[in-house]
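Notes follow once the structure below has been shown.
The values are calculated or read from the model by the stated rules, or taken from the named source; none is laboratory data. This is a predicted model, so every value here is computed, not measured. Positions of Cβ are backbone-derived with ideal geometry, glycine not excepted, and every protein chain shown enters the neighbour counts. For accessibility, only protein heavy atoms count, side chains too; no ligands or nucleic acids. Shrake-Rupley method; radii C 1.70, N 1.55, O 1.52, S 1.80 Å.
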Amino acid sequence: MASDLATKAKEAFIDDHFELAVDLYSQAIVIDPQNPELFSDRAQANIKLKNFTDAVADASKAMELDPSNPKSYLRKGTACFSLEEYQTAKTAFEAGSKLAPGDTRFTDWIKKCDKCIEIGEVPTQSSDATLTNAVAPSSTTNDVEEVMNISSEVIPTPAKPKYRHEFYQKPEEVVVTIFAKGIPANSVSVNYGEQILSVTIDVPGEDPYTFQPRLFGKIVPAKCRYDVLSTKVEIRLAKAEAIHWTSLEFVKNSSVVRQSNVYTAIQRPSYPSSKPTKDWDKLEAQVKREEKDEKLDGDAALNKFFRDIYKDADDDTRRAMRKSFVESSGTVLSTNWKEVGSKVVEGTPPDGMEMKKWEY
């Protein structure tokens, strides 16, 4: 059954029906999830659709299932190159070149990566065409569909919202939390690129969950890690630069703010308003100053006097005040612990009034 679906998917791919090909490969993978060829071929279809993050995930899975197939390394490298992940792409091409030393496609791609790493930009369309003509024909060309016309426009495919996720950040790292409860650790696979996060949760008997964003900024894969906890999967991404991420996913033409290593005071949240902004810290200080300077009369002044005594008193004085006040039903307030600590303080009602015993 899986082989029949794979055959139909290849036919759809040849006819340029790439979305249908991805759908058919996905159905085949459900039936045969350990077949590396299915993941590798779906990666190529995703490349044609410019779903580069999906292509990276598929190629990585194919490499995991069969590390000896150079085709998967070529496709991962191609997808990473399209995402401007030149160092990650070069690493994949170098690994594939070792498996297929006679295939000049790997060496040509490695040269392209080196050039982009050096000058920091994507080659022009004309240079792509020149490279395409320079590639020697191979008997496996149909198996390894090269994508040389790279588009700088990346259109990420949204993941199915099976699990909720959120993130927060520190100057040196971004913490991504996927709220997946009771997931076995061996069902979670996490891969990192220079600017790619690929998460797969594949629980037997359930539809696989994939989360593959192109990240806002670059990370250091070697320093990234993740933990599978009882209620969530927590992923810690080490930032390559101390910049503030305005979102988790890449946003074209977004501005970045470099952060200082010195922590600043916590800022109060600000909300959009048509009214002039107020300095809430200044107002708070003013209120406290007014409370301190406030002149009270009568019971209010007396209560403030006792509060000030209690606030500045030592532990014995505070215990004496609490004990005497409670035991005397609020009629006695003593600050002498030696006097009230060893006996029950009897109430002393004001003149003309009498104490009443309450039974509980």
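Residues in segment 16-86 average 34 Å² of solvent-accessible surface per residue, probe 1.4 Å, ligands and nucleic acids excluded. Here segment 185-250 exposes an accessible surface that is 48 percent carbon and sulfur, computed with a 1.4 Å probe and the other protein chains kept in place. FRET efficiency for the pair residue 222 and residue 26, taken as 1/(1 + (r/R0)^6) with r the Cβ-Cβ distance and R0 = 35 Å, rounds to 0.65. Determine, from the Cβ-Cβ distance of residue 282 and residue 242 and an R0 of 30 Å, the FRET efficiency 1/(1 + (r/R0)^6), rounded to the nearest 0.05. The formula returns an efficiency of 0.45 here.
Relative to the present Cα-Cα distance, how much length would full extension add between residue 312 and residue 203 at 0.36 nm per residue of separation?
Gain in length upon complete extension: 33.2 nm.
Here the label points at residue 234 and residue 179, each 7 Å from Cα along the C-beta direction, are separated by 1.6 nm in the simple model. Positive contributions from Lys and Arg (+1) and negative ones from Asp and Glu (-1), summed over other residues with Cβ under 14 Å from the Cβ of residue 3, come out at -3. Taking other residues whose beta carbon is less than 14 angstrom from the beta carbon of residue 315, and scoring Lys, Arg as +1 and Asp, Glu as -1, yields +3. Residue 65 sits among other residues whose Cβ lies under 15 Å from its own Cβ, and their net charge, with Lys and Arg +1 and Asp and Glu -1, is -2.
Here the accessible area of segment 1-99 is 50 percent carbon and sulfur, with a 1.4 angstrom probe and all protein chains present. Amide H contacts under 5 Å for residue 203: 209, restricted to partners 5 or more places along the chain or on a different chain, H placed in the peptide plane at 1.01 Å from N. In this structure the amide hydrogen of residue 214, modeled in the peptide plane, comes within under 5 Å of the amide hydrogens of 250, none closer than 5 places in sequence on its chain. Residue-wise HN-Hα couplings along segment 232-244, as the Karplus relation 6.51 cos²θ - 1.76 cosθ + 1.60 with θ = phi - 60° gives them from phi, are 6, 10, 10, 10, 10, 9, 7, 5, 6, 9, 7, 10, 8 Hz; Gly and Pro carry x.
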